Amino acid sequence: LWPDDDPAKASNRLSVALSTVRKVLDPDGESGREYIDADREAVRFDTAEAEVDVEAFLGDSRRGRSLFLAGDRDRGLGLLLAAEERYAGEFLEEEPYADWAVSLREEARTEYLNIARLLAEASSEAGDHDAAARRYLRMIERDPFSEPAHLGLVVAMRRSGRHGAARRLYGTY
């Protein structure tokens, strides 16, 4: 963390930082939970003690997609809807140049696009073309070059009877 500092000084800084993190996670110190486990070699955040939103999103999404594609559509859709609700936007969007966050940001965005497509297709199959269109629009917001999202939006508009909008959107695409 502080490669140019004296190791003794860096060790003290790390101790203070860990103490601050522990106070933020357990302000009263009454929960008895140990969110941070540290020793001389490593520092570990115990995800069994606290939920990490992006990990929960990815977990719900993967389990939901797996169930949905395996034929358990109802349970799969429930988890996919929960995952969609958890996706609040880009991972660490306030830190766009944090190199260490890029791969997780891309993974979460790709996973969101996958579940949005499945949910849009399921909505369309159920005859809810407006819900399908909303999901395709959200996909286009996240990935303006997504051919399946653009074409899915055109089809959803056409199926909902909005032929002019479908023609205009197809022309724009």
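The values are calculated or read from the model by the stated rules, or taken from the named source; none is laboratory data. All of these numbers come straight from a predicted model, not from anything done at the bench. Neighbour counts are summed over all protein chains in view; Cβ atoms, including those assigned to glycine, are modelled from backbone coordinates with ideal geometry. For accessibility, only protein heavy atoms count, side chains too; no ligands or nucleic acids. Shrake-Rupley method; radii C 1.70, N 1.55, O 1.52, S 1.80 Å.
Considering all C-alpha pairs of segment 1-66, those separated by over 18 Å amount to 53%. Its Cα gyration tensor gives segment 1-136 an equivalent ellipsoid. The semi-axes, each the square root of 5 times an eigenvalue, are 40, 17, 12 Å from largest down. A crude spin-label estimate for the pair residue 85 and residue 168, with each label 7 Å from Cα along the Cβ direction, gives 3.3 nm.
Would you work out which of 76, 19, 36 lies farthest towards the positive end of the dipole of the chain, given +1 charges on the beta-carbon of Lys and Arg and -1 on that of Asp and Glu, about the Cα centre? Result: 76, furthest along the dipole toward the positive end.
Annotation for residue 145 and residue 128: the two label points, set 7 Å from Cα along the Cα-Cβ direction, are 3.2 nm apart. Residues in segment 5-132 average 64 Å² of solvent-accessible surface per residue, probe 1.4 Å, ligands and nucleic acids excluded.
Between the Cα long axis of helix 129-142 and the first principal axis of the chain there is an angle of about 50°, rounded to the nearest 10. Ligands, DNA and RNA left out, the accessible area of the chain computed with a 1.4 Å probe is 49% carbon and sulfur. Distance between the pseudo-spin-label points of residue 46 and residue 137 (7 Å out from Cα toward the beta carbon): 4.6 nm. Dipole size of segment 26-173 about its Cα centre, with +1 on Lys/Arg Cβ and -1 on Asp/Glu Cβ: approximately 1600 debye, rounded to the nearest 20. Computed extension length for residue 121-residue 11: 34.3 nm, one decimal, from 0.36 nm per residue of separation with the Cα-Cα distance subtracted.
Our note on the geometry: Cα centres of segment 39-67 and segment 107-150, 25 Å apart. Relative to the longest principal axis of the Cα atoms of the chain, helix 53-69 runs at roughly 40 degrees. Full extension of the chain between residue 110 and residue 37 gives 23.2 nm of extra length, using 0.36 nm per residue less the Cα-Cα distance.
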